[in-house]
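**Student:** Provided herewith is a single structure, encoded as structure tokens, for subsequent inquiry.
Bear in mind these aren't lab numbers, they're just calculated from the coordinates by the rules spelled out. Remember, it's a predicted structure, so these values are computed and weren't measured experimentally. Here the Cβ is made from the backbone with ideal geometry for all residues, glycine too, and neighbour counts use every protein chain on show.
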Amino acid sequence: MSRWSPNARGRLEQAAYELFLAEGYEQTTVADIAKRAGLTERTFFRHYADKREVLFGGSTALQDELLRALGELPPALPTIEAVRIAVEAMSALMHGRRALARERQRIVAAHADLQERELIKRATLTAALAQALQRRGVQEAAASLAADMGIGVFYVGFVHWLDDPAGREIAEIVHEGFDQLKALASGA
């Protein structure tokens, strides 16, 4: 096995998904994943803390993109508009990953401990957004509410995107979600 294999993280992710779906999440070991990817267990642990993180490793990239996009926006922009733009930017990271996202969702839906981990990651993302909004000068309660709504729109949009019959990108679906939220708030 090569020590410096190209795209080791991607190979580990692909191997894990294949094994989780074919053999079952609980039956698959880190050793199985590493072997299937043609890598060592040590390489696996350089990229992931445990086999669950293969399913949730992308949450850091989502959070980083969300906060980067928010940080680049003018401070005078209305809060919900800033949240919309940042969440849409974060959504763009999902481009080209619909099939993998569907597989991931099937695996997570089948295991209560993975569902719990998903909720923890969602709460972490929401808290990070709320804190970033507070740094922009938004009061704590309003920042929490805006973050909850924004991340909620993302997750609702994500579920619709997985099986969107028109094959639209998630950013478009999320944008529509914010429009629906705005219509609800205005009483339309």
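**Student:** Using only helices, what value at 222 nm comes out for the chain when you add -39,500 (n - 2.57) per DSSP H run of length 4 or more and divide by the total residues, to the nearest 500 deg cm²/dmol?
**Tutor:** Rounded to the nearest 500, it is -23500 deg cm²/dmol.
**Student:** Gap in Å between the Cα centre of the stretch 120-184 and the Cα centre of the stretch 46-66?
**Tutor:** Measuring centre to centre over Cα atoms gives 19 Å.
**Student:** With unit charges on the beta carbon (Lys/Arg positive, Asp/Glu negative), name the residue among 127, 173, 159 whose Cα is farthest towards the positive pole of the charge dipole of the stretch 95-188.
**Tutor:** 127
**Student:** Which order, highest average first, do 10-16, 156-162, 96-102 follow once you tally other Cβ atoms within 10 Å for each residue and take the mean per peptide?
**Tutor:** Top of the packing list down: 10-16, 156-162, 96-102.
**Student:** Further, regarding this structure: Check cross-link reach from residue 51 to the lysines: straight Cα distance under 26 Å, and skip same-chain residues fewer than eight apart.
**Tutor:** Correct list for residue 51: 35, 121.
**Student:** Tell me, what does the Kirkwood hydrodynamic radius of the stretch 12-113 come to in angstroms if you use every pair of distinct C-alpha atoms?
**Tutor:** 15.4
**Student:** Starting from 0.36 nm per residue, how many nanometres of slack lie between residue 164 and residue 123 once their C-alpha separation is accounted for?
**Tutor:** 12.2 nm
**Student:** Right, here's the next one. With r as the distance between the Cβ atoms of residue 81 and residue 145 and R0 = 22 Å, compute the FRET efficiency 1/(1 + (r/R0)^6) and round to 0.05.
**Tutor:** My answer for the efficiency is 0.90.
**Student:** About the Cα centre, and with charges only on the beta carbon of Lys, Arg (+1) and Asp, Glu (-1), how big is the dipole of the chain? Nearest 20 debye, please.
**Tutor:** 580
**Student:** Where a ≥ b ≥ c are the square roots of the eigenvalues of the C-alpha gyration tensor, would you call the stretch 66-188 rounded, which needs a/c under 1.5, or, failing that, prolate if a/b is larger than b/c, or oblate?
**Tutor:** prolate
**Student:** Determine, for each peptide in 55-64, 110-119, the mean count of other beta carbons within 10 angstrom over its residues, then list the peptides with the highest first.
**Tutor:** Result, highest mean first: 55-64, 110-119.
**Student:** Still on this structure, I have one more. Roughly how many nanometres apart are two label points built 7 Å out from the Cα toward the Cβ at residue 182 and residue 93?
**Tutor:** 2.5
**Student:** Follow-up. How large is ³J(HN,Hα) for each residue in the stretch 131-146, as worked out from phi by the Karplus curve 6.51 cos²θ - 1.76 cosθ + 1.60 (θ = phi - 60°), to whole Hz, x for Gly and Pro?
**Tutor:** Listing the rounded values in order: 5, 5, 5, 4, 5, 7, x, 7, 4, 3, 5, 5, 5, 5, 5, 5 Hz.
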